[in-house]
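The values are calculated or read from the model by the stated rules, or taken from the named source; none is laboratory data. As the structure is a prediction and not an experimental result, all values here were calculated from the model. Note that we place each Cβ from the backbone using ideal geometry, even for glycine, and neighbour counts take in every protein chain shown.
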Amino acid sequence: MPLWYGGDYNPEQWPEVVWAEDVALMRRAGVTLVTVGVFAWSRLEPSEGRHTFGWLDRVLDLLADGGIRVDLAVPTASPPPWFSLAHPDALTVTRDGVRLTHGSRDTYCVSAPAYRAASLRITRALGERYRDHPALAMWHVHNEYGTPCHCDHAAAAFRTWLRERYGGLDALNDAWTTAFWGQHYSDWAQITPPRATQYLPNPAQALDFRRFVSDEMLAHFREQRDLLRELTPEVPVTTNYVLAGWASIDHWKWSREVDLVAVDHYPSGRGTAAAEQTAFAADLARSWANGRPWLLMEQATGYVTGPRMTAKEPGEIARHSLQHVARGAKGVMFFQWRASLGGAEQWHPGMVPHTGPDSRVFREVCALGEALKRIPPDEPADEPLVEAEVAILWDEEAWWAVQAPGLPSAELDCLAAVEQAHRVLWRQGVTTCFAHPSHDLSAYRAVLVPSLYLISDEAARGLGTYVRGGGTLVVSFFSGIADEHTRIRPGGYPGALREILGVRVEEFRPLADAVTLTDFGVATAWSEVVHLDGAEAVARYPGGGPAVTRRRLGEGTAWYVSTRLGDSGYAGVLARAGLAGSGAPGVEIVRRRDRVFALNHTQDEQPVPVHGTDLISGEPLTGVLNPGQCVVVRAT
């Protein structure tokens, strides 16, 4: 199937006279799919049980007549004002005990019975009305799940979830180490979400609450998904993921439940940094999708993070989009079609900016639509969509645990460590994917473990089996320290990985100042007192203690990096471990089945080992990319 192209379309923000112009401009831009109705609940149901679908009927008919398909949204991320007034107990309560008021989006408690019932009613109404509409291509449930609530509804649901997880209070008290600070629970009614408290919260309780939030929201999604599948069994159902510290969503688990993995991505960097972040997000999405095609549901025609919005440089709209396609996207979408004239995100860029279609941005949007038409669809095949020989372990639960207060250093950052591992390999032209610690890793020649604080016994055994079978393992500091309940593994660090790595860390020594190692350059933020127990030192601290070690185990090799290295130092470790790439920084070459994508993110001409006819321009490529150029050629 050809690539999807389009974005969020919010016709309810505009007078009806604009709609026909929108469809004409969409056709001009090559748009094939739009998301409709994400935040339209108050327009679709202006009072309880009274639906006003006439305007949406006309919008969908216009789109269908224009040959544009619809990703029809179930608008449960933004309950209408009448609902909040009728059910104040369903409004969000913060961990500080403050009940929020209506006036933004996501102001609901996913555990509130009234909210769950209202969600199903609007879902059924939409499903029954549009089940046979020719524009319907996909269902879009909710928007960017992840907002928690700490109210009494959430507390009751949390206790139910805990009963199912632990069975009894003895098991819960053991897992949460409630003997500390006299927190032993003798009745389920004593347990609440981790609300604001005098000092540090219980880290196991906080982690379990984030797990609960993910599962509770997944239950909300499943209820709507199952109803829509009953009404339209042939229409796929999805939701859009967001990778953010506030979003308590286990995307590995969720990806087994959606018909299509769909993600939103807004890079915070500029230039090459944005390209690095885009590749990271795309590889993560493809990995969540188990190597299958996925969808970029949202991006922007400009940068929307930081102190102010700035436009992307000419050509970046296409380069970022083609990065996603190269790494497995079956389409690229934007938020949103027209930039809003009012409202909280009126300065969020659109495919049609405030200045209208006579603009650089819209011209680039049209050029991208034309380019995507020229990229042929994937041929059916059994081999992976994108080949990758190196995996980076990623576990959201470990990331959540490292966000808790009370750790040995405020400098510890699981996500930053994972991003560095991916960034360093990307700069060397090494295509990677992500894997959960519980996955079978035997297909990879190397596995990187950046600051994986939590790990189960089973996953640790799997890593040992992987190395003994011939794999290369590179583990970074603060990995393997705690079990899945955040309980520290006694006997020395790195806990569950000591035997595999052949080291025993006696003590953590956070660094106030940078130090220079005997190899791999400067180390910052963190150091450890490392004792060799089967490994050999490859680099040492100024005092002579091991800093980077290597152990040959069975047919494979396990490396340990006990400090934070700069990108060049970490690249040096990976090169010594046999993971050096041949790419040039800022030049991206990715093979997707029978096509090779080559993208130049630099301002200079770059030689590339790619030859053939560019499918986008029709021009021959003779081994050199112009500044900012993107090409797609048939693999030879």
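Using the structure shown, decide if residue 598 is surrounded by 21 or more Cβ atoms within 10 Å (Cβ to Cβ), over 14 Å from residue 272 (Cα atoms) and among the aliphatic types (A, V, I, L, M). Explain how you work it out, then say what you get.
Numbers: surrounded by 21 or more Cβ atoms within 10 Å (Cβ to Cβ): yes; over 14 Å from residue 272 (Cα atoms): yes; among the aliphatic types (A, V, I, L, M): yes.
So residue 598 fits the description; yes.
What's the total number of residues in the stretch 42-68 that are β-branched (Val, Ile, Thr) and either free of Cβ contacts under 8 Å to residues at least 60 places away in the same chain or in a helix (DSSP H, G or I) (or both)?
Count: 2.
Of all residues being touching a helix residue (DSSP H, G or I) at 6+ places or on another chain (Cβ under 8 Å) and of a type in the set (Val, Ile, Thr) in the stretch 451-475, which is nearest to residue 488 (Cα to Cα)? Just the residue, please.
Out of the qualifying residues, it is 455.
Just a yes or no: is a residue in the stretch 11-22 closer than 17 Å to residue 76 by Cβ, hydrophobic (A, V, I, L, M, F, W, C) and out of contact with any helix residue (DSSP H, G or I) (no Cβ under 6 Å at 6 or more places or on another chain)?
no
If you take just the helices (runs of 4 or more DSSP H) that sit entirely in the stretch 412-503, which of them hold at least 3 residues that are out of contact with any Gly (no Cβ under 8 Å at 6 or more places or on another chain)? Don't jump to the end; show me each part of the working.
On the way: elements: 414-427, 457-468, 498-501.
In the stretch 412-503, the matching helices (runs of 4 or more DSSP H) lie at 414-427, 457-468.
Condition test on residue 618, is it loosely packed, with under 14 Cβ neighbours inside 10 Å and either farther than 24 Å from residue 364 by Cα or outside the structural domain of residue 492 (by TED's automatic domain parsing) (or both)?
Numbers: loosely packed, with under 14 Cβ neighbours inside 10 Å: yes; either farther than 24 Å from residue 364 by Cα or outside the structural domain of residue 492 (by TED's automatic domain parsing) (or both): yes.
Judged against the criteria, residue 618 is a match.
Residues to consider are 341, 393, 415, 407; find the one that is surrounded by 21 or more Cβ atoms within 10 Å (Cβ to Cβ), of a type outside the set (Phe, Trp, Tyr) and at negative phi.
Only one candidate passes the filter, namely 393.
Would you point out which residue out of 212, 221 is among the hydrophobic types (A, V, I, L, M, F, W, C), in contact with a Ser or Thr (Cβ under 9 Å, 6 or more places away or on another chain), farther than 28 Å from residue 130 by Cα and surrounded by 22 or more Cβ atoms within 10 Å (Cβ to Cβ)? Don't jump to the end; show me each part of the working.
Working: 221 fails: farther than 28 Å from residue 130 by Cα.
Only one candidate passes the filter, namely 212.
Consider the stretch 602-631. How many of its residues are of a type outside the set (Asp, Glu) and in contact with a Pro (Cβ under 9 Å, 6 or more places away or on another chain)?
Count: 11.
Among 543, 566, 578, which is the only one that is farther than 30 Å from residue 330 by Cα and either more than 32 Å from the chain's Cα centre (by Cα) or among the aliphatic types (A, V, I, L, M) (or both)?
Matching residue, one of 543, 566, 578: 543.
Restricting attention to the stretch 573-604, which residues are touching a residue at least 40 places away in the same chain (Cβ under 8 Å) and among the aliphatic types (A, V, I, L, M)?
573, 574, 577, 579, 580, 584, 587, 589, 590, 599
Please specify each residue of the stretch 344-357 satisfying the condition of being exposed (fewer than 13 other Cβ atoms within 10 Å of the Cβ) and either among the polar types (S, T, N, Q) or under 23 Å from the mean Cα position of the chain (by Cα) (or both).
346, 355 - these are the residues of the stretch 344-357 that are exposed (fewer than 13 other Cβ atoms within 10 Å of the Cβ) and either among the polar types (S, T, N, Q) or under 23 Å from the mean Cα position of the chain (by Cα) (or both).
Take residues that are of a type in the set (Ser, Thr, Tyr) and tell me which of the helices (runs of 4 or more DSSP H) falling wholly in the stretch 69-186 contain 1 or more.
Output list reads 81-86, 113-130, 152-166.
What pairs come out if I take residues in the stretch 161-190 that are within 16 Å of residue 209 (Cβ to Cβ) and in contact (Cβ under 8 Å) with a residue 40 or more places away in the chain and pair them with residues that are part of a helix (DSSP H, G or I) and small (Gly, Ala, Ser) whose C-beta lies under 8 Å away, six or more apart or interchain?
Filtered contacts from the stretch 161-190: 175/204; 176/204; 177/204.
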